[in-house]
Amino acid sequence: MSSRAGPAIGGRMRGGGGRHLSGPHPEDDMEGLSAPEARRLRELLPFARPYRWHILGALFLTILVAATGLSTPALAQIAIDNGITVGNERVLFLSVIAFVVIGLLGWAIGYGQNYLSSWIGERMLLDLRVALFRHFMHLDLGYHERVPTGRSVSRLTSDIEALNDLVTDGFTSVIVNGLTFIGVVCILFAYNWQLALLSFAVFPFLITGTAVFRVLSSRAYRRTRETVAEVLSVLQENLAGVRVVQGFGRQEPAREAFRRANADYREANMRTIRLSAFYFPGIELLSGIGLAIILWFGANQVLSGQIQIGVMVAFIGYLASFFDPIQQLSQLYDDFQSAMAALEKIQSVFATLPKLHDADDAITLPPLSGAIVLDHVTFGYRPGTAVIHDISLTINAGETVALVGATGAGKSTLAKLIARFYDPQDGLISIDGHDVRHVTLDSLRAQLGIVPQEGHLFAGTLRDNLTFGRPDARDADIVNALSAIGAREVLDTLPNGLDSEINERGGGLSAGQRQLMAFARALIANPRLLILDEATSSVDIQSERHIEHAMDILLHGRTSILIAHRLSTIKNADRIVVLDHGRIVEQGSHDQLIGLQGRYAQLYDDWERATATDVADPV
Ligand SMILES: Nc1ncnc2c1ncn2[C@@H]1O[C@H](COP(=O)(O)OP(=O)(O)O)[C@@H](O)[C@H]1O
Ligand SMILES: [Mg+2]
């Protein structure tokens with residue numbers, strides 16, 4: 001049995017993850033490549049181009065590998081017929097030498113070929129992975145809010161991995177096996193066509209069996225990929241939500257769901273194993289029958305002097321390398337199917353273009369004073385369902401504007417529009433008189449600081465995280481910023497101060513501390529325009545009082561948009577804008593709005609009552 005034979009479960013596991021999304025069932029067209037497959041492979045060409053000379057070299061070595069494989073039975077024939085049978089020691093000796101030389105050559109060439117083709121494959125995959133990552137980083141926020149992170153991750157991991165088998169040794173294997181097969185057929189016919197025809201008698205059975213096996217096994221493998229994706233997703237969900245699982249004592253149901261997903265996966269694997277256990281020994285059987293035929297008829301021909309004994313030995317040798325390529329190519333077809341499915345998914349990511357990109361005539365935004373104008377802005381995440389309705393708002397340079405309103409009123413959305421994470425369907429947004437669609441995104445974002453609701457921390461040191469927006473900030477600046485927001489003591493709670501390693505879940509920092517860190521990050525970046533989206537919602541009331549003072553420092557001298565969870569933080573804003581269902585319903589200073597006795601007064605009332613009865617932080 002060949003090394004590739006049998007179900008490579010480990011390999012499949014890597015290939016799994018992400019559902020099989022390929023449209024037309026590939027087994028319907030067995031002959032060659034379908035048009036979309038050919039197109040998909042063509043789209044890989046740019047990744048192969050930098051390595052074209054390496055590829056040519058690998059191709060050359062691959063042909064040599066096939067040639068050395070084919071030469072040994074012929075050499076045995078010469079040794080037997082021209083050496084042993086006629087008693088010519090010289091020929092025998094030379095044949096033995098040739099055997100050793102070819103063996104050594106085969107080893108050296110095999111090494112070079114293996115190394116080179118894997119090297120090319122790994123390079124191409126690296127390039128592809130980096131290009132894909134880069135593309136993800138440039139895709140608009142809308143894409144990332146729509147597509148689950150897990151799915152994007154599996155594009156970069158399991159899908160790329162599924163291509164691995166194909167690009168590292170798949171293509172060379174096709175060439176070696178194809179050449180070997182054709183070579184064997186030609187050589188056998190050249191030796192003796194009657195015997196060749198006889199030994200091919202098992203061929204129809206071989207082809208039929210292989211075709212049936214391939215259809216069944218490619219179905220079975222698809223099932224394993226689907227079930228392993230399910231296993232991974234149950235695992236991922238429960239690990240990510242382990243706090244909730246434990247908090248509600250749901251470990252048992254989680255375990256049961258995981259057990260069920262694993263049972264399905266095991267069942268799917270067992271099916272591929274049963275199929276392989278039937279097929280591969282079946283091939284051995286056919287190969288045995290072929291051998292028996294050769295022995296019987298070949299021996300008769302030898303005895304009647306029609307062929308020499310060496311020819312028969314060569315036949316037996318070649319017959320072994322006649323069955324192998326068929327098995328291997330059949331196995332490879334499955335790899336090819338998974339690779340094509342993965343490639344399709346990867347290419348669909350590349351085909352998704354960022355909705356937001358710099359206009360051809362986009363200019364670099366000059367240093368801002370920070371006057372923002374929204375002019376009849378209408379926006380919805382989906383066409384036909386607007387969440388911002390015809391909003392017009394002018395924010396003066398240096399002004400602090402607070403957005404308030406119920407959950408879902410559209411506050412965050414408005415902030416995202418100003419930061420140009422989305423473009424409005426209608427209306428215009430301009431900063432210092434520049435339409436935001438006609439300035440480069442980089443120059444806009446460089447002058448903009450955003451502290452989102454979930455201040456994300458990256459794996460790395462605390463320093464790296466705090467200087468995210470200004471990598472050249474000095475430690476003194478960092479400590480100053482932390483002191484300004486009253487978070488200086490966070491440094492003391494961490495083992496290595498600024499050098500402490502933290503991770504995306506905060507690693508040792510509380511939710512409130514994480515938010516404070518996001519806050520400090522914005523302060524250090526020192527942007528012209530600042531957007532705080534419920535930046536203090538996880539901070540306790542006491543700390544928040546502390547922050548109020550820091551906020552004054554932070555907001556001073558820049559245009560700020562403040563979305564606050566607690567109304568206490570926004571009382572001091574220059575202007576308060578009340579949103580309701582995507583519309584501005586009131587605006588003015590705190591006192592004016594209280595005097596109005598409208599929506600704001602009502603929100604403020606609710607808030608005061610809540611904080612009076614519930615001193616503890618509600619979050
Ligand atoms: N990424 C999104 N895709 C689709 N709808 C969204 C998305 N984000 C917010 N929404 C919807 O837009 C409306 C306004 O949401 P948002 O601006 O987050 O409100 P707020 O910040 O005031 O709580 C809500 O109805 C919400 O369901
Ligand atoms: Mg919000």
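The residues of segment 379-422 that are within 18 Å of ALA564 (Cβ to Cβ), away from ligand 2 (no atom under 16 Å from the Cβ) and part of a loop (DSSP other than H, G, I, E, B) amount to a single one, GLU399. Just one of the numbered conditions (1) part of a loop (DSSP other than H, G, I, E, B); (2) touching a residue at least 12 places away in the same chain (Cβ under 8 Å) is not true of GLU454; which one? Failing condition for GLU454: (2).
Residues in segment 439-455 that are within 16 Å of ligand 1 (Cβ to nearest atom) and not polar (S, T, N, Q): 5 in all. Hey, any hits in segment 482-489 for a residue that's hydroxyl-bearing (Ser, Thr, Tyr), modelled with pLDDT of 85 or more and not in a helix (DSSP H, G or I)? Within segment 482-489, not a single residue is hydroxyl-bearing (Ser, Thr, Tyr), modelled with pLDDT of 85 or more and not in a helix (DSSP H, G or I). The single condition among (1) modelled with pLDDT of 80 or more; (2) part of a loop (DSSP other than H, G, I, E, B); (3) more than 24 Å from GLY370 (Cα to Cα) that VAL539 does not meet is (1).
For segment 111-134, the criterion of being within 30 Å of GLY305 (Cβ to Cβ) and out of contact with any Lys or Arg (no Cβ under 9 Å at 6 or more places or on another chain) is satisfied by no residue at all.
If only one of VAL185, VAL202 is aliphatic (A, V, I, L, M) and either surrounded by fewer than 18 Cβ atoms within 10 Å (Cβ to Cβ) or closer than 30 Å to LEU126 by Cβ (or both), which one is it?
On the way: VAL202 fails: either surrounded by fewer than 18 Cβ atoms within 10 Å (Cβ to Cβ) or closer than 30 Å to LEU126 by Cβ (or both).
Every option except VAL185 fails the conditions.
Would you confirm, using the coordinates I've provided, whether VAL377 is at pLDDT 95 or above and either of a type in the set (A, V, I, L, M, F, W, C) or assigned by TED's automatic domain parsing to the domain that holds ILE584 (or both)? Yes, satisfied. When SER348, SER276 are checked against the criterion of being in a helix (DSSP H, G or I), assigned by TED's automatic domain parsing to the domain that holds VAL184 and either hydroxyl-bearing (Ser, Thr, Tyr) or within 21 Å of THR210 (Cβ to Cβ) (or both), a single residue qualifies: SER348.
Condition (residue is within 16 Å of ligand 2 (Cβ to nearest atom) and surrounded by fewer than 19 Cβ atoms within 10 Å (Cβ to Cβ)) applied to segment 463-471: is it met by at least one residue? Don't jump to the end; show me each part of the working.
Step one: filter segment 463-471 for residues within 16 Å of ligand 2 (Cβ to nearest atom), giving none.
No, every residue in segment 463-471 fails to be within 16 Å of ligand 2 (Cβ to nearest atom) and surrounded by fewer than 19 Cβ atoms within 10 Å (Cβ to Cβ).
In segment 397-431, the residue that is surrounded by the fewest Cβ atoms within 10 Å (Cβ to Cβ) out of those that are within 8 Å of ligand 1 (Cβ to nearest atom) and not hydrophobic (A, V, I, L, M, F, W, C) is THR407.
Just one of the listed residues (ALA58, ALA108, ALA131, ALA66) is in a helix (DSSP H, G or I), farther than 30 Å from PRO46 by Cα and assigned by TED's automatic domain parsing to the domain that holds VAL184, and it is ALA108. Residues of segment 122-157 that are of a type in the set (Ser, Thr, Tyr) and more than 16 Å from ligand 1 (Cβ to nearest atom): SER154, THR157.
The values are calculated or read from the model by the stated rules, or taken from the named source; none is laboratory data. Remember, it's a predicted structure, so these values are computed and weren't measured experimentally. In this analysis, Cβ positions are derived from the backbone assuming ideal geometry, glycine residues included, and neighbour counts consider all displayed protein chains.
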